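Notes to accompany the following structure.
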């Protein structure tokens with residue numbers, strides 16, 4: 001697994017966690033910069049530190065048996081995660097395409113329809 005892979009996973013207790021996976025040995029994963037995803041009172045999704053009482057920065061190893069699912073989040077979520085954790089921010093392709101279209105004066109090429 002790529003050392004910069006951002007994944008989302010759900011624990012057996014129902015926590016939705018976004019983190020950078022730095023190792024996957026098949027039975028456990030080691031992550032860094034974990035953020036727990038929570039719903040705000042205004043029904044918006046927000047990230048808060050997962051295990052806020054731990055020393056920071058720290059890697060965490062989680063047994064896969066304690067996870068119900070591991071998946072790749074969409075590009076917007078990854079960009080937001082990288083912004084929150086101080087990583088490099090890359091805009092999703094859809095945003096870059098919109099900016100390029102605006103730069104060209106809203107003229108779209110045939111392959112962009």
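Values quoted throughout were computed directly from the atomic coordinates according to the rules given, and no laboratory measurement underlies them. What you see is a predicted model, and the numbers here were worked out from it, not measured in a lab. Neighbour counts are summed over all protein chains in view; Cβ atoms, including those assigned to glycine, are modelled from backbone coordinates with ideal geometry.
Per the Kirkwood formula applied to alpha carbons, the range 1-77 shows a radius of gyration over Rh ratio, Rg over Rh, of 0.95. By the Stokes-Einstein formula, at 0.890 mPa s and 25 °C, the range 1-46 with its Kirkwood radius over alpha-carbon pairs has D equal to 212 µm²/s. Of the peptides 41-52, 67-78, the order by per-residue mean of other Cβ atoms within 10 Å, starting with the highest, comes out as 67-78, 41-52. Normalising the average separation of contacting C-alpha pairs (under 8 angstrom, six or more residues apart) by the number of residues puts the relative contact order of the range 12-68 at 36 percent. The peptide list 57-66, 13-22, put in order of mean Cβ contacts within 10 Å with the highest first, becomes 13-22, 57-66.
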